[in-house]
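Chemist: Following this message is one structure expressed as structure tokens.
The values are calculated or read from the model by the stated rules, or taken from the named source; none is laboratory data. Note that the structure is a prediction, hence the values are computed from the model and not measured. In this analysis, Cβ positions are derived from the backbone assuming ideal geometry, glycine residues included, and neighbour counts consider all displayed protein chains. Surface accessibility is based on the protein's heavy atoms, side chains included, excluding ligands, DNA and RNA. Shrake-Rupley method; radii C 1.70, N 1.55, O 1.52, S 1.80 Å.
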Amino acid sequence: MENLIGLLIAAPLLGAVVLLLGGRRLDKAGHWLGTLFAAASFGIGVVLFADLLGRGAEDRTLYEKLYTWIPVEGFQADVAFQLDQLSMTFVLLITGVGTLIHIYSIGYMEHDERRRRFFGYLNLFLAAMLLLVLADNYLLLYVGWEGVGLASYLLIGFWQHKPSAATAAKKAFLVNRVGDMGLSIAIMLLFTTFGTFAFGPVFASVGNATEGKLTAIALMLLLAACGKSAQVPLQSWLGDAMEGPTPVSALIHAATMVTAGVYLIVRSAAVFNGAPDAQLVVTIVGAVTLIFGAIVGCAKDDIKKALAGSTMSQIGYMILAAGLGPVGYVFAIMHLVTHGFFKAGLFLGAGSVMHGMNDEVDMRKYGALRKFMPVTFVTFGLGYLAIIGFPGLSGFFSKDMIIEAAFAKGGTQGWILGGVALLGAGITAFYMTRVMLLTFFGEKRWQPDAAGHEPHPHESPKSMTIPMVILAFGSVFAGAFFEIGERFLKWLEPVTGYEHGNSPVSAMTVTASTMVVLVVGVGIAWSMYGRRPVPVVAPRGSLLTRAARRDLLQDDFNHVVLVRGGEHLTRSLVYVDHSLVDGAVNGTAAAVGGASGRLRKLQNGYARSYAVSMFGGTAILIAATLLMRAV
Amino acid sequence: MSFPLLTVTAALPAVGAVLTAAVPAARRTAAKWLALLFSLATLALAVLVAVRFEPGGARYQLTESRAWIADFGVRYELGVDGIGVALIALTALLIPFIILAGWHDADPLENKSQRWRPTQGFFALILMVEAMVIISFEATDVFLFYIFFEAMLIPMYFLIGGFGDRATSSRSAAAAAGGTDENAAAQRSYAAVKFLLYNLVGGLIMLAAVIGLYVVAGNFSLQEITAARAAGTLDMATNTERLLFLGFFFAFAVKAPLWPLHTWLPNAMGEATAPVAVLITAVVDKVGTFAMLRFCLGLFPDASKWATPAILVLALISIVYGALVAVGQRDIKRLVAYASISHFGFIIMGIFAMTSQGQSGATLYMVNHGISTAALMLVAGFLISRRGSRLIADYGGVQKVAPVLAGTFLIGGLATLSLPGLAPFVSEFLVLVGTFARYPVIGIIATIGIVLAALYTLVLYQRTMTGPVKEEVRTMQDLRLREVLVVAPLIVLLIGLGVYPKPLTQIINPAVEHTLSDVHEKDPKPQVAVEAKNGEAAK
């Protein structure tokens, strides 16, 4: 069974190699091949899952060591995999949702001449993400981590001829690299502290390390997680990443990439449990991002950017839960899985809408689409109900658990975190209802595009709608399935541990409050966008709205501080290098060599004489040596 | 006496150089093939050296020793340790690609008014440099090393000054054809002289130190002096040792190059043809870092430790400063040059961190940097030769018209930014972790290099390869077969050594152990006890 773990990664990796090196011969079959490799990986995942289920709860960890990767004295890095319940959950999500997105892309990218390459990159993305969740040590995880960064760079910038896409891709990679600094430093700290960075030995020995060390390691891991999971302050790349084709957004936002940070923290539970201060920072980062993303989501008119704000916010919930420790780990992952279903469904739905609307993304130019795209409407609608936490649907269970766990943190902290999580649920209801109303209800507000083409909204082909239907199914039932008999909790508990928190408010009260904020959020959205006609041109809006449209001024800040500042710094350094350093060294050399005039003469073309004089000099010095020996 | 493999390995390219130079002027193509053949034969010998070398055996192997200038103790002594084997392999590996990439760089210009540049000479000089570099990696006699360390400046000088890049770096120069050749020639000459002067000054200071060493030790044998130093039978006054160390180190720091002695490199790499630029940074400069590891640490262990803090700070400045200045470059080749300065900072930092991870990482870094820079710079050269300009701003949208060129350029760039999975990541991480283990603050600051490398690489890629297709780029051809043959093997190596670096680490590690014992250093121990082995679950 262990041997299958490597195959999980090998299948999509082979797919990427075949598709990217195959050349034009494979143009006709490339998308089918790519989908096949993704599906094969899912198939292997299911076989392994069945095997794990057949074992006892304490015996569900498989290892496979392929070879020793970097051996230098005490520094021993292996290429070795570890499959346990946590990794298994991710494997099924990544390959399952990933395969659906592959199928969807067959139709979505049909008219793109570089479709084969697109599927190659998708396969690469899956392989990297699988490596990330299956590695048994931090250094190998780092390889998957950066592989995901590379694949996202290639996919976000897939339409490279658009300068905005190329810029967005570069930005995503760079912001992630800042996070990578954190991961690098964390691994170095692990090595100097424990002499190893493999999961098993490190987690078994955290008790021997000081709290200060663990806090430092945990904070560095958090920095890494902030990069990949687009948490404040490294969130700025996520909105721009919408420049990629829509299936990429679904892949990045639902099944892969942004979930990596949550995985890293939950995987490192042992380290975080020993560092309460770092955990507090994790919860703060999660809570701030949760509100930040939600506010941005309220103001965007671009359907994909509104959904991007929502992703940021929902990942904020997961990070918040992960920061709560054993009370929250299980629910962080549960929300991650249910979110994987409904967010993938919502993005694919958004792609389907754009597909039928000449790639228009401005929701103010949609309206009344429910009549023209019934399947998209129903599946998107179910995803909508799931994300706002409509009772009985997936999001209801997972989000409710997180809010309850936040209150259970206890004391003032518990009230603040719980309150923020509750408030976030209300804002989520608002902005998602807004998206729903602007897109599918009201009057039609379409206009001919720049080339004069009137949009003819139509339902998308089967290859696109079938994945949407499957995801909608998951959005509806996954939460209840996980919750009945606490199946998910029992599955994951052996890995992450679990404590039932003592919430100052009862579960019933939490659920009731959530329902109240939900109704309020939906109600406000209805009164603003449902009762009145929606203007095609966005009104000026309040100060907050305008700031939120600009991603709460994050880019303006980055631009002024980092980009401008950086440009000034590099420009002055280029000047310094050319004028001062070079000049000083040249001047010194000239002074040492004698008159600077001679140097100038040499530069004017008499240099060859210098080569000769060097030999002369050497000869004299050898003679001097001989002489010295004689003395 | 057994077969003198090391002598033959170094002599073969020299013989090739003489024969290539002797080919009649009209038979240019034959000369090129002859040079390529000799470089391939040298590669075969380098492989043989690596095969015959036993990682677990004596420190120096395949040794040769003959009296040379018996009167004052200069011997012809050769021998290789794992570090030398790795670098000889790198040199012998890169030269065929350099020759193949520069196939047309020295063809006579159609414009008759130009000075004709002898093709034969170009390839002969490259082989000559190879011979001298290889023997520098083999020499275990300090004087013998010094002679070739200095002598390689001469062929390099002519390669830079005589065979400059035909592409220009200024916009006006690209537009007007007439008076620019003189301008370019002047710049080229300036770069060549600057290269020569910097390295000569370093060399002369080193020569003084070499003589000083002889006065103190009474011979030039690296093995004898190192052993005596380690055993404590050869005492040096503290100040003498420090002065001698500085004399050696200065020369190596010019060649490596270390901030603030780096300014000759951007000029030289900018003005030389791309293959010669690779020869400078990937091959010749490595002699400098190699010599720090072999001569500075072995001969002057106490002075090396004394100077470590200052050198680490200079290395750190090189890393950050080189990367920042690279971001601000407008010329593709100068950008790569500054990136190399940043990378040399990493190498020197790893050497002086005095840990096995740092020094093994630094040695691996020398090899990997050679391959990755060759990949990036040679593709950049192919790009530049198509458009006749080195300015980044003259390109845009190339990936649309030449996807293979753009793809290989991207992979070269990703290697330069040390993407995990590619070879440079392994060495860069080892250097970082090896430095961090002893000097945490310096290790942490150095990680800024990770972000900056991504910045200059991706900005370069974005500005040249993406965006709307520029008018002048529209008709650009994709890579030709010869060019693919140059780049593809380098990419395969970058991936292969990134996934499986063990063949290199297992010959480098024992050598580094010896070096560390020369300076009486041991790796820091982990701070806490560990309770499980790899592959065991934590409960």
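Chemist: Students often forget the sequence filter, so: which lysines lie under 17 Å Cα-Cα from A:Lys399 once same-chain residues fewer than 8 apart are removed?
Modeler: Cα-Cα hits under 17 Å: A:Lys343, A:Lys409.
Chemist: Okay, moving on. Find me the longest stretch of chain A that has none of the exposed GluC sites (Glu not before Pro), where exposed means in a DSSP loop (not H, G, I, E or B) with at most 11 other Cβ atoms within 10 Å.
Modeler: Segment A:114-442 is the longest.
Chemist: Separation of the stretch A:214-290 and the stretch A:185-207 by C-alpha centroid, Å?
Modeler: Using only Cα atoms to place each centre, the spacing works out to 20 Å.
Chemist: May I ask you to compute the full-extension gain from B:His520 to B:Val51, defined as 0.36 nm times their residue separation minus their alpha-carbon distance, rounded to one decimal in nm?
Modeler: Working: separation 469, 0.36 × 469 = 168.84 nm, distance 3.01 nm.
Residue separation times 0.36 nm, minus the Cα-Cα distance, leaves 165.8 nm.
Chemist: Let me ask another. Checking the cross-link filter: which lysines have an alpha carbon closer than 26 Å to that of B:Lys400, excluding same-chain neighbours under 8 positions apart?
Modeler: Reachable lysines: A:Lys28, A:Lys162, A:Lys170, A:Lys171, B:Lys333, B:Lys470.
Chemist: Here is a further query. Using bins 20 angstrom wide from zero, how does P(r) for chain A break down, in % of all Cα pairs?
Modeler: Binned Cα distances yield the sequence 19, 49, 21, 8, 3, 0.
Chemist: Let me ask another. Can you tell me the relative contact order of chain A? Whole percent, Cα pairs under 8 Å, sequence separation 6 or more.
Modeler: It comes to 12 percent, rounded to a whole number.
Chemist: B:Lys525: which lysines have alpha carbons under 21 Å from its alpha carbon, excluding same-chain residues fewer than 8 sequence positions away?
Modeler: Straight-distance partners of B:Lys525: A:Lys213, B:Lys305, B:Lys533.
Chemist: What percent do you get for the relative contact order of chain B when only Cα pairs under 8 Å and 6+ apart count?
Modeler: 15 percent
Chemist: A further question on this structure: Using amide H atoms built 1.01 Å from N in the peptide plane, name the residues 5+ places from A:Trp69, or on other chains, whose amide H lies under 5 Å from its own.
Modeler: Distant-sequence amide H within range of A:Trp69: A:Ala77, A:Asp78, A:Val79.
Chemist: Show me, for the stretch A:449-461, the HN-Hα J-couplings you get by feeding each phi into the Karplus relation (A = 6.51, B = -1.76, C = 1.60, θ = phi - 60°), rounded to Hz, glycine and proline as x.
Modeler: Computed from phi, the couplings for the stretch A:449-461 are 7, 4, 7, x, 7, 6, x, 10, x, 8, 6, 7, x Hz.
Chemist: Placing one identical point scatterer on every Cα of the stretch A:109-236 and ignoring solvent, what is log10 I(q)/I(0) from the Debye formula at q = 0.12, 0.17 Å⁻¹?
Modeler: Evaluating at q = 0.12, 0.17 Å⁻¹ gives log10 I(q)/I(0) of -0.53, -0.90.
Chemist: Okay, next question. What FRET efficiency, computed as 1/(1 + (r/R0)^6) with R0 = 30 Å and r the Cβ-Cβ distance, is obtained for B:Arg480 and A:Lys162, rounded to the nearest 0.05?
Modeler: Efficiency for this residue pair is about 0.55.
Chemist: Taking the mean number of other Cβ atoms within 10 Å as a proxy for protection, how do you rank B:144-157, B:122-135 from highest to lowest?
Modeler: Going by the mean number of other Cβ atoms within 10 Å, highest first, we get B:122-135, B:144-157.
Chemist: For B:Val74, enumerate residues with amide H under 5 Å from its amide H, sequence gap 5+ or separate chain, H modeled in the peptide plane.
Modeler: For B:Val74, the qualifying residues are B:Ile69.
Chemist: Using only the alpha carbons, work out the radius of gyration and Dmax of the stretch A:289-427 in angstrom.
Modeler: Both quantities, over Cα of the stretch A:289-427: 15.9, 53 Å.
Chemist: Which three numbers, in whole Å and largest first, are the semi-axes of the equivalent ellipsoid of the stretch B:241-341 derived from its Cα gyration tensor as √(5λ)?
Modeler: 27, 15, 9
Chemist: Using a 10 Å cut-off around each Cβ of peptide B:466-473, what is the average number of partner chain Cβ atoms that fall inside?
Modeler: Averaged over the peptide's residues, the number is 3.
Chemist: According to the Kirkwood expression over distinct Cα-Cα pairs, how big is the hydrodynamic radius of the protein assembly as shown, in Å?
Modeler: 31.6 Å
Chemist: Given labels modelled 7 Å from the Cα in the Cβ direction, how far is it in nm from A:Ser527 to A:Val281?
Modeler: Computed distance between label sites A:Ser527 and A:Val281 equals 4.2 nm.
Chemist: Expressed in nm to one decimal, what extension gain is obtained for the pair A:Thr545 and A:Arg564 from 0.36 nm per residue of sequence separation less their Cα-Cα distance?
Modeler: Numbers: separation 19, 0.36 × 19 = 6.84 nm, distance 2.58 nm.
Going from the current span to full extension adds 4.3 nm.
Chemist: Shifting gears a bit: So between A:Glu493 and A:Phe49, what do we pick up on full extension, going 0.36 nm a residue minus the alpha carbon distance?
Modeler: Numbers: separation 444, 0.36 × 444 = 159.84 nm, distance 1.63 nm.
Contour length minus Cα-Cα distance gives 158.2 nm.
Chemist: Counting helices only, and only those DSSP H runs with n ≥ 4, report the 222 nm mean residue ellipticity of the protein assembly as shown as the sum of -39,500 (n - 2.57) divided by its residues, in deg cm²/dmol to the nearest 500.
Modeler: -23000 deg cm²/dmol
Chemist: Give me, ordered by chain and number, the residues 5 or more places off A:Val534 or on other chains with an amide H under 5 Å from its own placed amide H.
Modeler: A:Glu443
Chemist: Could you give P(r) for the stretch A:1-83, binned at 10 Å from zero, as whole percent values over all Cα-Cα pairs?
Modeler: The calculated distribution, bin by bin, is 16, 33, 28, 19, 4, 0.
Chemist: Pop the C-beta distance of A:Glu454 and A:Val536 into the FRET formula with R0 = 22 Å and round what comes out to the nearest 0.05.
Modeler: 0.90
Chemist: How many angstrom lie between the Cα centre of the stretch B:13-29 and the Cα centre of the stretch B:322-362?
Modeler: Comparing the Cα centres of the stretch B:13-29 and the stretch B:322-362, I get a distance of 36 Å.
Chemist: Can you work out the Karplus-derived ³J(HN,Hα) for every residue in the stretch B:135-152? Use 6.51 cos²θ - 1.76 cosθ + 1.60 with θ = phi - 60°, whole Hz, and x for glycine or proline.
Modeler: Couplings: 5, 5, 6, 9, 5, 10, 10, 4, 5, 4, 4, 4, 4, 7, 4, 7, 5, 5 Hz.
Chemist: Could you tell me the convex hull volume per residue, in Å³, taken over the Cα atoms of the stretch A:385-461? Mind showing how you got there, number by number?
Modeler: Values: hull volume 10.9 nm³, N = 77.
Here the figure is 142 Å³ per residue.
Chemist: What average count of beta carbons from other chains do you get within 10 Å of the Cβ of residues in B:322-328? Intermediate results must be reported in sequence, preceding the final value.
Modeler: On the way: counts 2, 1, 8, 9, 3, 7, 10.
Average neighbour count from other chains, rounded to a whole number: 6.
Chemist: Using θ = phi - 60° and the Karplus curve 6.51 cos²θ - 1.76 cosθ + 1.60, what whole-Hz ³J(HN,Hα) does each residue of the stretch A:240-253 get, with Gly and Pro shown as x?
Modeler: 5, 5, 5, 5, x, x, 4, x, 5, 4, 4, 5, 5, 8
Chemist: For helix B:481-499, report the angle its Cα long axis makes with the longest principal axis of the Cα atoms of chain B; keep it between 0 and 90° and round to the nearest 10°.
Modeler: Its long axis makes an angle of about 30 degrees.
Chemist: If you don't mind, there's one more thing I want to ask. With an 8 Å Cα cut-off and a minimum separation of 6 or more residues, compute the relative contact order for the stretch B:410-489 in percent.
Modeler: Over the stretch B:410-489, the number comes to 26 percent.
Chemist: Using a 1.4 Å probe and ignoring any ligands, DNA or RNA, find the accessible area of B:Leu93 and quote it in Å² to the nearest 10.
Modeler: Solvent-accessible area, nearest 10 Å²: 40 Å².
Chemist: So for the pair B:Gln223, A:Met508, with labels modelled 7 Å out along Cα→Cβ, what separation do we get in nm?
Modeler: Going from the B:Gln223 label point to the A:Met508 one covers 8.9 nm.
Chemist: Let me ask you something else. Could you look at chain A and say what percent of its accessible area is carbon and sulfur, using a 1.4 Å probe and all protein chains?
Modeler: 66 percent
Chemist: Taking each residue in B:270-283, count the Cβ atoms of any other chain within 10 Å of its Cβ, then average. What number comes out?
Modeler: Counting Cβ atoms of other protein chains within 10 Å of each residue's Cβ and averaging gives 0.
Chemist: Accessible area lost on pairing B with A, both sides, 1.4 Å probe, Å² to nearest 100?
Modeler: By this definition, chains B and A bury close to 7800 Å².
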